[in-house]
Amino acid sequence: MEKKWWQTSVVYQIYPRSFQDSNGDGIGDLRGIVNRLDYLQKLGIDVIWLSPVYKSPNDDNGYDISDYEDIMDEFGTMVDMDELIATANEKGIKIVMDLVVNHTSDEHKWFIEAKKGKDNPYRDYYIWRDPVNGEVPNGLKSTFSGSAWEFDEDSGQYFLHLFSKRQPDLNWENEKVREEVWKMMNYWLEKGIGGFRMDVIDLVGKQPDLGITGNGPKLHDYLQEMNQKSFGNYDVLTVGETWGATPEIAKLYSNPTRKELSMIFQFEHSALDEQEGKQKWDLKPLEINKLKEILAKWQTSLGKEGWNSLFWNNHDMPRIVSRWGNDKEYRVESAKMFAILLHLMKGTPYIYQGEEIGMTNCPITDISEVNDIESINMYHERLAQGYTKEEILHSINVKGRDNARTPIQWDDTVNGGFTTGTPWLHVNPNYPEINVKNNLEDPNSVFYCYQSLIQLRKENPIVVWGDFELIEDTEEMIFAYTRKFEGKTWVIVANFSEQESLLDLRQFGECDDVIISNYHRKGVNFRNIHLKPYEAFAVRI
Ligand code: TEU
Ligand code: CA
């Protein structure tokens with residue numbers, strides 16, 4: 001397999017609304033990002049994945065796009081966007097755009113036209129069905145609660161929306177739709193972007209009449225066509241968001257011989273703290289054995305037929321240190337443990353803004369504090385189903401998407417230095433303690449752990465190319481593995497709990513070549529490793 005630049009890269013995700021406000025309106029913007037590029041360069045990342053910045057009425061914070069070739073007023077102008085691409089490129093940072101083409105906003109001109117009537121030339125850009133016995137066409141549900149079908153009074157038909165009813169699904173079976181998408185992608189590629197992150201791309205081959213949403217029969221034909229008609233002519237990173245992917249499916253997307261995508265985001269492990277067959281809101285404790293099994297399976301099964309992405313967080317998930325770590329007594333230790341464990345695996349790592357300083361979830365006490373449409377719709381649905389407010393708010397505090405979307409805490413001044421105005425979403429009150437400034441001043445901070453890990457990847461081919469093997473014979477809460485490359489071996493050990501623990505890995509002997517450690521460890525006697533709470537380290541054997 002030909003080596004690609006994105007295999008040795010580290011990506012940083014920016015959720016622009018919450019990154020940095022530059023003009024005091026309480027909303028992060030493009031200029032704010034330009035002003036912070038030096039910080040990202042210091043961290044050492046190679047790529048920014050920018051969550052959507054296009055024109056949008058913000059029903060789903062930019063994932064509802066009304067014009068793909070224009071910028072949201074609150075974020076700036078196309079001049080600012082061009083400047084961001086140019087300035088980042090000068091600093092060696094590529095910009096990956098979010099491609100949201102499963103659906104548009106209901107304010108997109110295509111949908112405004114389509115609604116005008118059954119004869120409109122844009123009608124077939126969307127998915128319309130007649131009522132069945134005066135009711136919805138079938139039982140398809142929206143991810144954001146309720147039916148996926150919305151009735152249009154004027155024409156007497158329903159249209160499909162797998163997300164909010166203000167996010168009508170595009171009809172990918174219509175060749176004209178696909179051509180519009182390729183054209184728009186080429187518009188952005190010509191600007192010199194570094195690639196695309198593809199929102200819910202596994203849904204575009206849907207067959208709604210058969211109840212098929214993910215992994216539809218034409219999905220991979222469409223992606224091959226997309227590759228040919230757009231980014232295949234450029235040297236870019238493409239990553240598909242694919243909730244339903246198994247390793248076998250991942251090979252269909254990312255085997256280079258198939259000419260589809262660079263890699264995908266897989267989510268198999270993200271259901272490990274939810275009750276089986278239920279929703280993400282129905283909580284249960286994480287089973288660490290399953291987590292190890294799933295991550296190890298992904299590490300070993302793609303081989304040369306694909307490439308992994310590595311991530312704990314994004315704008316849809318709670319903060320990892322709050323979710324599976326301990327964001328109180330062991331916040332710094334557990335944040336570093338997650339970083340060491342993930343960044344020494346094989347694949348392209350993605351850091352979500354704020355993760356690199358150990359930002360935590362931000363609990364709320366009333367639904368009026370919530371911005372996210374997913375949480376708000378679920379709240380009303382579950383209230384009607386008889387859940388108590390306390391139960392629902394508990395689920396939101398554990399799993400809600402706003403947890404990851406609170407503004408970046410830059411320093412200890414008012415609003416954490418995010419804005420001089422009123423922030424669009426509350427700033428986590430722990431900003432005086434957890435912020436970028438404190439991190440940069442403390443050589444033992446979470447920030448410098450991430451910086452070291454990025455450096456290790458740059459300097460050691462074993463981190464990029466080495467074979468992964470899980471070390472099986474340990475207690476459940478110990479996650480240990482080896483990487484092997486050209487006769488070298490690294491051993492990585494992480495204690496996934498606040499219990500101290502003893503570990504015997506005598507096959508590795510004794511070693512004082514510690515590469516990274518979250519407890520200033522100087523050496524390891526593998527016969528008798530005494531692990532502290534959330535301790536993690538890597539050593540060369
Ligand atoms: O997410 C896809 C998606 O399925 C999520 O809504 C997910 O189910 C949920 O957030 C899990 O908590 C993508 C985007 O990442 C998300 O922000 C958008 O809201 C969604 O698509 C619609 O565009
Ligand atoms: Ca602003």
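The values are calculated or read from the model by the stated rules, or taken from the named source; none is laboratory data. Keep in mind the model is a prediction, meaning the values are calculated, not measured. Neighbour counts are summed over all protein chains in view; Cβ atoms, including those assigned to glycine, are modelled from backbone coordinates with ideal geometry. We work out accessible area using only protein heavy atoms, side chains counted, and drop any ligands, DNA or RNA first. Shrake-Rupley method; radii C 1.70, N 1.55, O 1.52, S 1.80 Å.
Things worth noting here:
- The ellipsoid equivalent to the alpha-carbon distribution of the range 23-124 has semi-axes of 32, 14, 11 angstrom, derived from the gyration tensor eigenvalues as √(5λ) and listed largest first.
- Spin-label proximity, Glu153 to the range 87-127 - amide N less than 16 Å from point 7 Å beyond Cα toward beta carbon: 115-117
- Each helix, a run of at least 4 DSSP H residues, gives -39500 (n - 2.57); summed and divided by the residues of the chain, these come to -8000 deg cm²/dmol at 222 nm.
- Ordering of 508-518, 398-408 by packing [mean C-beta count within 10 Å, highest first]: 398-408, 508-518
- Span from the the range 297-320 Cα centroid across to the the range 42-91 one, whole angstrom: 24 Å
- By accessible area, using a 1.4 Å probe on protein heavy atoms only, the range 1-80 has 43% of its surface on carbon and sulfur.
- Ordering of 57-63, 384-390, 252-258 by packing [mean C-beta count within 10 Å, highest first]: 57-63, 252-258, 384-390
- The C-alpha atoms of the chain define a longest principal axis, and helix 175-190 lies at about 50 degrees to it.
- Remark: the Asn174-Asp82 segment gains 30.0 nm on full extension, using 0.36 nm per residue and subtracting the alpha carbon distance.
- Expected-Rg normalisation [2.2 N^0.38 Å, Cα atoms] applied to the range 460-541: 1.02
- Karplus (6.51, -1.76, 1.60) ³J(HN,Hα), θ = phi - 60°, over the range 459-466, in Hz, Gly and Pro reported as x: 9, 10, x, 4, 5, 7, 10, x
- Volume per residue of the convex hull around the Cα atoms, evaluated for the range 340-433, comes out as 131 Å³.
- Compared with the alpha-carbon gap, the fully stretched path from Glu469 to Phe267 is longer by 70.7 nm at 0.36 nm per residue.
- Ligands, DNA and RNA aside, Trp410 has an accessible area near 10 Å² when probed at 1.4 Å.
- The chain, accessible area per residue, ligands and nucleic acids excluded (1.4 Å, Å²): 39 Å²
- Inter-probe distance in nm under a simple model that places probes 7 Å from Cα toward Cβ, at Tyr519 and Asp504: 1.9 nm
- Stokes-Einstein D in µm²/s, Kirkwood radius over Cα pairs - the chain at 20 °C with 1.002 mPa s viscosity: 88 µm²/s
- For the chain, the Cβ-based charge dipole about the Cα centre amounts to some 1480 debye (Lys, Arg positive; Asp, Glu negative; other atoms uncharged).
- Between Thr365 and Asp25, the C-beta separation translates, for a Förster distance of 25 Å, into a calculated FRET efficiency of about 0.40.
- For the range 411-436 versus the range 241-269, the inter-centroid distance based on Cα atoms is 37 Å.
- Toward the positive end of the charge dipole of the chain, with +1 on the Cβ of Lys and Arg and -1 on the Cβ of Asp and Glu, the farthest Cα among Ser18, Trp243, Trp424 is that of Trp243.
- The apolar share of the surface of the range 185-303, taken as the fraction of accessible area on carbon and sulfur atoms (1.4 Å probe, ligands and nucleic acids excluded), comes to 51 percent.
- Cα gyration tensor shape of the range 314-356, rounded if a/c is under 1.5, else prolate or oblate by comparing a/b with b/c: oblate
- Anchor Lys328: lysines whose Cα lies under 28 Å away (excluding residues fewer than 8 positions away in-chain): Lys42, Lys280, Lys284, Lys290, Lys292, Lys336, Lys389, Lys399, Lys437, Lys522, Lys532
- Within straight-line cross-link reach of Lys206, lysines at Cα separation under 18 Å, skipping those fewer than 8 residues along the same chain: Lys141, Lys165, Lys176, Lys218
- Computed E for Glu486/Asn233 - FRET, C-beta separation, R0 30 angstrom, nearest 0.05: 0.30
- Measuring only protein heavy atoms, the 1.4 Å probe finds Glu107 accessible over about 90 Å².
- Shown for the range 400-522: the carbon plus sulfur share of the solvent-accessible area, taken with all protein chains present and a 1.4 angstrom probe, equals 47%.
- Put the Cα centre of the range 188-240 next to the Cα centre of the range 111-185 and the gap is 19 Å.
- Residues with amide H under 5 Å from that of Tyr352, placed H, sequence gap 5 or more: Gln13, Asn313
- Accessible area in the full protein assembly, largest first, 1.4 Å probe, for Glu305, Glu90: Glu90, Glu305
- Heavy atoms of Trp298 accessible to a 1.4 Å probe, total area in Å² rounded to 10: 10 Å²
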